[in-house]
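Here the structure is laid out as structure tokens; the discussion comes afterwards.
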Amino acid sequence: MPQTHQAQPAPRFVPVATTLPEQIAEAIACRSTPLSHLLRLMTALQAEGGNESLRLKLRARIGAPLDA
């Protein structure tokens, strides 16, 4: 049986990729970022050989009290 139309995949939402420094800045600013996410960002920063000031800010945020 001949097909009357060509099936095309539905358009998908593809989020714009943000850089690691942008992700870290957002995570530091958001007080509800889970510790596990902060630790993953720290691991990614270390793997990338990232900048020391970002590393210090991220370490300070990881150690900061929740009500700070």
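The values are calculated or read from the model by the stated rules, or taken from the named source; none is laboratory data. These figures come from a predicted structure and were not determined experimentally. We place every Cβ from the backbone using ideal geometry, glycine too, and count neighbours over all the protein chains shown. These accessible areas exclude ligands, DNA and RNA; they are computed on the full protein's heavy atoms, side chains included. Shrake-Rupley method; radii C 1.70, N 1.55, O 1.52, S 1.80 Å.
Taking residues in segment 29-40 that are under 10 Å from R61 (Cα atoms), and partners anywhere that are among the β-branched types (V, I, T) and open to solvent by less than 80 Å² (accessible area, probe 1.4 Å), the pairs with Cβ atoms closer than 9 Å and at least 6 places apart or on different chains are L35/I62; L38/I24; L38/I28; L38/I62. Here A10 fulfils each of the conditions (1) open to solvent by less than 80 Å² (accessible area, probe 1.4 Å); (2) modelled with pLDDT of 90 or more apart from (2).
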